[in-house]
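Notes follow once the structure below has been shown.
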Amino acid sequence: MSVASSAEGLEPVAAPAPALDAFDPSAVRIHSGRYEAAQSAAGSYLLSLDIDRLLAPMRREAGLPMADHTGAPTEPYPNWESTGLDGHMAGHALSAYVAFAQTTDLPEFARRAASLVRGMRECQEHMQGLMRGFIGGVPGAVEVFQRIGRGEVQSQAFSLNGAWVPLYNVHKTFAGLLDAWSGLSSIDPPTASMARSCVVDLANWWCRLTATIDDALFARILVSEFGGLCESFAELYARTGNERYLDMAHRLTDSSVFDPLSHGVDALTGQHANTQIPKALGWQRIGALTHERRYADAVETFWRSVALGRSVSIGAHSVAEHFHDSADFGPMVTSEQGPETCNSYNMAKLTARMWLQDPRREYLDFYERIMCNHILSTVSVDEPGFVYFTPMRPRHYRVYSSVRECFWCCVGSGLENHARYGRLIYAKQGGGPLDSRRLLINLFIGSSLQWRERGLHIKQRVHHAADGSLLVTIALRETRGFRHELRLGVREPQWAFGWSVEDVQGGTIAVDADDDVPEGFRPLRATWTGGMEFTVRLTENIAVERLPDGSDWASIIVGNTVMALRDGHGGRDGENADSSRMGHIAQGEKLPLADLPVLCGNRPPRLVEGSLRVEALMPDGALAELTLEPFAAMDRTRYSVYLPIARDESDAARVRAGLMRLDEERLEHAAGIVDEVECGRQQSEVGHQYRGRADRLGRQRDVHWRCAQLCGVFSYIMALTRDRCTLHVEIMKADCDCDYAVFMNDMPLERTQRCTMKDSSRVIDVYAVPQCDPPERLHEAGEAGACARFSLSATATTCGPRVTALRVVTSS
């Protein structure tokens with residue numbers, strides 16, 4: 001029996017029906033200004049990609065020539081596509097092509113999806129032996145995975161057998177093929193069938209590869225980020241009924257995170273955020289399929305921690321990709337590495353599924369906040385490009401990807417995000433006869449819906465009246481011209497009051513006596529012949545929302561729209577990212593926080609002629625009126641989503657003094673720093689070309705570290721200057737007695753000083769760095785700057801200290 005046939009004859013699992021059903025993505029079209037523009041920009045970006053270059057890493061690993069469809073040589077894209085995560089973008093692009101094929105009327109998206117699937121299948125068919133069924137561009141994939149098959153597993157958070165998160169990479173292909181299987185089934189059935197064969201073969205390859213690996217060794221595999229493989233195997237089980245895939249989904253349940261969450265314990269502080277969210281997606285899918293209570297408990301604990309305790313006003317979370325202490329949002333307003341787009345991509349997906357399964361008001365409220373504020377803001381409309389980090393540091397800015405240059409993870413999720421605005425605008429309630437099913441209008445976004453089974457066309461228009469009220473006009477048309485009756489549920493959001501129906505034309509609207517609607521909805525019954533329309537009027541609340549830790553920072557929200565202050569000061573260095581490894585970070589000037597206007601709690605914001613105005617105290621003590629704008633509509637500018645807030649004018653001096661302290665601390669830390677590595681943090685380490693042998697990483701809450709084991713070593717490439725420099729090695733104070741040696745390009749360095757840091761839990765060892773004139777350049781750095789490789793090694797008798805950071809500092 002062939003590998004592809006192992007799922008033949010099995011039937012999809014008859015899982016318990018969810019409370020609500022989403023409409024097929026092809027049934028919804030977006031017609032609203034910013035949403036439509038964002039979708040168009042993302043689609044244009046997607047069409048600019050070259051299928052042959054996306055496939056090039058996969059062809060290389062399959063032993064095929066890296067050539068285009070004409071046979072001409074081609075090469076992989078640069079950036080992350082050529083530095084270890086090779087091939088991950090093909091999976092994202094496939095998901096995106098499918099999503100756009102469903103939600104637009106352009107056949108080119110489906111054509112490109114088919115080309116990718118055919119290219120993946122060709123690569124898959126060339127894999128032999130233990131790798132039979134594999135598809136992917138992981139560099140050295142055969143060696144990486146054959147070692148796993150032999151029971152050899154060397155894993156750290158972001159590496160597995162020396163490769164950069166290879167299972168995370170494999171998951172992107174897996175997910176893309178699943179999307180092609182389902183999304184193209186009615187558009188291009190032959191390609192959907194081929195995608196099905198591909199993903200079944202890919203899944204069976206992994207099952208075979210790990211069949212003889214015991215649970216202890218498998219747990220070591222799960223130390224390395226593995227994306228949403230748990231979710232993908234659960235989904236494949238749902239579609240095929242093959243218990244083998246459910247067993248694998250259970251194996252991919254990472255107990256180190258799952259167990260505390262399933263018992264109601266939040267142990268997320270310090271964790272890499274987007275390593276954990278895809279795991280929760282898998283748990284949700286398993287729980288929905290099997291009714292295992294522990295999975296539902298883990299997902300609920302996770303969601304409440306992240307959505308309600310760790311997220312800012314735009315619905316997003318994380319600093320420098322990690323969960324910070326939920327009791328301290330200080331890093332959120334000081335760092336240039338704010339919430340990550342991939343996190344919101346996955347949290348929106350998770351929350352949508354949770355709401356359809358159990359339609360609680362808080363789920364839909366959060367989904368709306370994250371989709372309509374963060375995700376909508378992560379693509380530049382006029383000059384298409386995607387955002388990685390969205391800094392919440394006031395007066396800072398975002399960096400946008402450049403087509404054919406930038407291939408970050410958030411470019412991948414960005415390609416998909418903006419085809420999915422229609423995912424939850426509408427839903428169906430009720431599992432009885434078709435005519436008894438209720439249409440739910442969940443989100444107020446200009447759009448249209450074709451409910452094909454009932455011959456209905458629904459259109460939604462959204463605008464503001466002269467008095468500032470939000471008007472949602474809903475047009476209903478029965479395409480066959482019959483008299484029609486429709487049960488409706490129209491949302492009554494918590495961010496509005498004064499909900500009313502008015503201007504009914506062409507039919508009648510009545511309150512439905514059957515009020516089985518989800519929490520936060522009004523039950524209605526519409527009756528008409530041919531077509532009718534009516535308008536829902538809402539008055540939006542204006543909310544001043546502090547950070548979850550209650551600190552002196554506030555964001556202002558009108559209805560569901562987060563507002564921000566535009567700031568034209570300062571440059572925006574690197575706003576259009578290049579292909580450099582860390583080009584996704586807005587590393588330009590951090591403007592002083594002490595220069596910010598301070599809001600006063602006794603002076604509430606107000607709407608004036610359609611604009612939001614708020615009074616604030618300026619640095620000179622004068623009171624000024626500021627105009628705020630919707631954050632999601634801001635492109636390529638400095639901005640402030642959060643502003644400092646005082647109780648009243650008399651409290652402003654205290655708040656401004658706190659801002660001045662933050663500025664002083666930043667300047668003190670940054671003084672003289674030429675380059676810095678944050679040990680144990682993925683982007684910082686990969687950006688400095690980490691190497692290691694017999695070393696490990698860990699964390700103590702949100703303090704990350706790396707240490708060399710017996711005879712172990714780890715190293716980074718760091719920048720130098722012509723000035724005399726020192727190397728500062730930051731270690732945990734408890735490890736002061738651990739012996740270790742430091743080398744610069746294999747030259748031993750001498751420690752000249754040891755000093756204790758302010759927090760007293762860490763110390764800094766200072767090493768003199770020999771001057772080079774000109775400074776030595778390492779070819780492997782890949783850039784023109786002067787640099788050196790600094791190594792830290794342990795002895796044969798003791799492990800080295802836990803190192804939290806390395807800094808090259810000018811002696812001056």
Treating only Lys and Arg (+1) and Asp and Glu (-1) as charged, each at its beta carbon, one finds that region 627-732 has a dipole about its Cα centre, in Debye to the nearest 20, of 460
Given unit charges at Cβ for Lys, Arg (+) and Asp, Glu (-), the dipole magnitude of the chain about its Cα centre in debye, nearest 20, is 980
Packing-ranked peptide list from 53-65, 310-322, highest mean Cβ count within 10 angstrom first, is 310-322, 53-65
Expressed in nanometres to one decimal, the distance between label points 7 Å along Cα→Cβ at Ser48 and Gln505 is 4.1
Candidate cut points under trypsin sites (Lys or Arg not before Pro) in region 576-667, DSSP loop plus at most 11 other Cβ atoms within 10 Å of their own Cβ, are none
Computed, not fitted: 222 nm per-residue ellipticity of the chain from DSSP H runs ≥ 4 (each -39500 (n - 2.57)), nearest 500, equal to -9500 deg cm²/dmol
Taking a straight Cα-to-Cα line shorter than 14 Å from Lys733, and setting aside same-chain aspartates and glutamates fewer than 8 residues away, one finds Asp759, Asp765
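Sorted from largest to smallest, which semi-axis lengths in Å does the alpha carbon gyration tensor of region 1-144 give for its equivalent ellipsoid, taking the root of 5 times each eigenvalue?
30, 24, 13
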Beyond 26 Å (Cα-Cα) in this structure, taken from Lys172/Lys279; Lys172/Lys459; Lys172/Lys590, we find Lys172/Lys459; Lys172/Lys590
Full extension between His69 and Asp259 adds, at 0.36 nm per residue less the Cα distance, a length in nm of 63.5 nm
Residues whose modelled amide H sits under 5 Å from the amide H of Thr637, counting only those 5 or more places away in sequence or on another chain, are Arg398
Asn541 and Arg572 label points (each 7 Å along its Cα→Cβ direction) are spaced in nm at 3.2
Among Val472, Ala513, Ser318, the residue whose Cα sits farthest towards the positive end of the charge dipole of the chain, when +1 is placed on the Cβ of each Lys and Arg and -1 on the Cβ of each Asp and Glu, is Ala513
Ranking Gly530, Val199, Thr795 by how far each Cα lies towards the positive end of the charge dipole of the chain (+1 on Lys and Arg Cβ, -1 on Asp and Glu Cβ), the top one is Gly530
Sorted by chain and number, the residues with a modelled amide H under 5 Å from that of Cys679, at a separation of 5 or more or across chains, are Ala805, Leu806
In terms of the charge dipole of region 673-810, which places +1 on Lys and Arg and -1 on Asp and Glu at the beta carbon, the residue among Val769, Val729, Ile717 farthest towards the positive end is Val729
Taking 0.36 nm per residue of separation between Arg304 and Gln587 and subtracting their Cα-Cα distance, the length gained on full extension comes to 98.6 nm
Amide H neighbours of Phe329 at under 5 Å, excluding residues fewer than 5 places away on the same chain, with H built from the backbone geometry, are Asp549
Shape call for the chain, from the Cα gyration tensor axes a ≥ b ≥ c (a/c under 1.5 means rounded, otherwise prolate when a/b beats b/c, else oblate), comes out oblate
Simple spin-label estimate for Val403/Ser761, 7 Å along Cα→Cβ, in nm, reads 4.7
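Laboratory data are not the source of any read-out in this text; all were calculated from the coordinates shown. It should be emphasised that the depicted structure is a prediction, and the values quoted were computed from it without experimental measurement. So basically every Cβ, Gly included, is an ideal-geometry build from the backbone, and we count neighbours across all protein chains shown.
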